[in-house]
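The values are calculated or read from the model by the stated rules, or taken from the named source; none is laboratory data. Small disclaimer: the values here were computed from a predicted structure and weren't measured. Note: areas computed on protein heavy atoms with side chains; ligands, DNA, RNA excluded. Shrake-Rupley method; radii C 1.70, N 1.55, O 1.52, S 1.80 Å.
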Amino acid sequence: MSEQNKFWKSSRRIYRFLIVVCVLALVLGIVIFYMNHGDTDIKENGENEYTTFSNDDPDRIEDGIHVRTGLVDAPGLQETVTNCTSCHSAKLVMQNRMSAERWHATIRWMRETQNLWPLGENEDIIVDYLVTNYPPKNKGRRETLTDVDWYELK
Ligand code: HEC
């Protein structure tokens with residue numbers, strides 16, 4: 001064998017060796033990747049992360065009440081929570097018992113002066129929800145005062 005032939009043979013061997021190393025590294029990488037992937041799946045299910053989340057879920061309903069906001073669970077709850085509880089508390093919404101007309105007017109007022117975004121068809125859904133679940137109280141006269149701290153006129 002000539003010197004030149006020997007040289008080519010040995011360098012081909014080196015190339016083959018390098019290719020084998022590369023392929024092994026690739027396979028190893030893929031195996032490790034899938035092992036990590038499998039790991040997270042096991043964690044999510046095995047440690048019941050989902051159950052933990054649902055127990056702490058701020059959007060859960062208990063006894064017909066949306067826990068985070070205190071709003072009644074009824075059709076339109078989701079739209080109302082999404083659109084009406086980010087600027088002020090839902091209490092402000094619940095306290096105000098209005099007719100549909102006055103709700104639309106209040107919403108218009110918030111649109112014009114408080115940067116409330118356009119509600120589109122959700123406006124009717126929300127107003128229906130409010131009028132149905134927080135109907136205006138029809139009272140002939142104001143409620144009797146209770147717990148009043150009277151003071152002496154001087
Ligand atoms: C972009 C912010 C924003 C959003 C969203 C918003 N509001 Fe308001 N709203 C306000 C501000 C600001 C006030 C005035 C608060 C105050 O006076 O302290 C207000 C006041 C109110 C009041 C009291 C009005 C009064 O006459 O005193 C009611 C009722 C009300 N909002 C209901 C709603 C309802 C229902 C929605 C959903 C459709 C909603 N808000 C969404 C900003 C918003």
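Length gained on full extension, Asn5 to His88, computed as 0.36 nm times the residue gap minus the Cα-Cα distance: 21.4 nm. For Thr146 and Tyr34, the difference between the fully extended length at 0.36 nm per residue and the C-alpha to C-alpha distance is 33.5 nm. Rounded to whole numbers, the Karplus 3J(HN,Hα) couplings from phi for segment 91-99 are 4, 4, 6, 5, 5, 8, 9, 9, 6 Hz, using 6.51 cos²θ - 1.76 cosθ + 1.60 with θ = phi - 60°, and x at Gly and Pro. Here segment 61-133 exposes an accessible surface that is 50 percent carbon and sulfur, computed with a 1.4 Å probe and the other protein chains kept in place.
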